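Q: Sending over a structure as structure tokens; questions will come in a sec.
Each reported figure results from applying straightforward, stated rules to the coordinates on display, with no laboratory input. This structure is a prediction, so every number in the text was calculated from the model and none was measured. So basically every Cβ, Gly included, is an ideal-geometry build from the backbone, and we count neighbours across all protein chains shown.
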Amino acid sequence: MGKIYWDCDGVLRDFEMAVWGRRCGKWMQDVDGVDLYDYVDNNISLLETAPSLPYLDVVKRMHVWFGKSISILTCQPKEWIEPTRRWLHRRLANVPFDMKVVGASEDKVSLLGEGDILVDDHPRLVGCAKVVTVTWGYNKGLGGLRVSSMGDMIDLICAFYHKGAEYGKLGSGANVKG
Ligand SMILES: [Mg+2]
């Protein structure tokens with residue numbers, strides 16, 4: 001059986017709020033006139049202190065529900081990798097996970113095997129085979145398979161592992177167990 005790969009920023013970690021402090025709705029824009037990468041390099045601790053997105057809680061439950069470890073597939077500059085790993089260790093305490101880092105987001109798709117899917121938010125990956133896009137202001141309206149709510153995320157995970165019936169009517173958060 002294939003597995004679900006999870007992007008980090010925009011899926012599990014709230015990079016947008018950590019960097020801009022608001023939902024700015026634009027992809028990779030400057031921060032107060034400073035290049036995004038320079039800004040993060042100069043405020044590297046934000047990668048560790050960033051809030052999580054609510055989807056993280058659902059993804060963690062995947063381990064409880066189905067006994068699956070969490071496979072992270074992320075694109076990070078070299079200097080961001082260790083702070084990101086520490087963020088994941090803290091946020092996924094007691095949940096087994098592994099983290100693969102690629103040099104470019106487009107490289108993720110070629111790593112997907114038979115039956116795998118990738119949940120990501122990158123506008124350039126919208127509509128790629130095996131990619132499910134988490135909807136944000138910067139990628140909406142581009143089509144593709146989508147997760148736009150917690151209910152959608154629960155549906156996706158349960159449908160992927162073919163055990164949705166155990167969790168009642170899919171998509172209503174009230175039926176989540178774990
Ligand atoms: Mg992302």
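Q: Let me know the shape class of the chain, please: from the alpha-carbon gyration tensor, a ≥ b ≥ c as square roots of the eigenvalues, rounded when a/c is under 1.5, otherwise prolate if a/b is greater than b/c, or oblate.
A: Here the chain falls in the prolate category.
Q: Taking only C-alpha pairs under 8 Å that are 6+ residues apart, what is the relative contact order of the chain in percent?
A: Rounded, it is 23 percent for the chain.
Q: Now for a separate question. When the Karplus curve 6.51 cos²θ - 1.76 cosθ + 1.60 is applied with θ = phi - 60°, which whole-Hz ³J(HN,Hα) does each residue of the range 40-50 get, with x for Gly and Pro?
A: Whole-Hz 3J(HN,Hα) from phi for the range 40-50: 5, 4, 7, 9, 4, 5, 4, 5, 8, 9, 4.
Q: Taking neighbour counts of Cβ atoms within 10 Å as a proxy for exposure, in what order, fewest first, do D7, D107, D152, D120 appear?
A: Lowest to highest Cβ neighbour count: D107, D152, D7, D120.
Q: Run the count for the range 1-113, please: Lys pairs, Cα-Cα under 16 angstrom, 8 or more apart or on different chains.
A: 7
Q: By how many nm would the segment from C24 to E106 grow when fully extended, if each residue of separation counts as 0.36 nm and the alpha-carbon distance is taken off?
A: Full extension from C24 to E106 adds 27.2 nm.
Q: Would you mind ranking E82, E16, E48 by Cβ crowding within 10 Å, fewest neighbours first?
A: Arranged by neighbour count, lowest to highest, E82, E16, E48 become E82, E48, E16.
Q: Have a look at the DSSP beta bridges in the range 4-175 and tell me what percent are antiparallel, nearest 5.
A: Here the antiparallel bridges make up roughly 10 percent for the range 4-175.
Q: Now for a different question. Would you calculate the volume per residue, in Å³, of the smallest convex hull containing every Cα atom of the range 79-164?
A: Roughly 132 Å³ of hull volume per residue.
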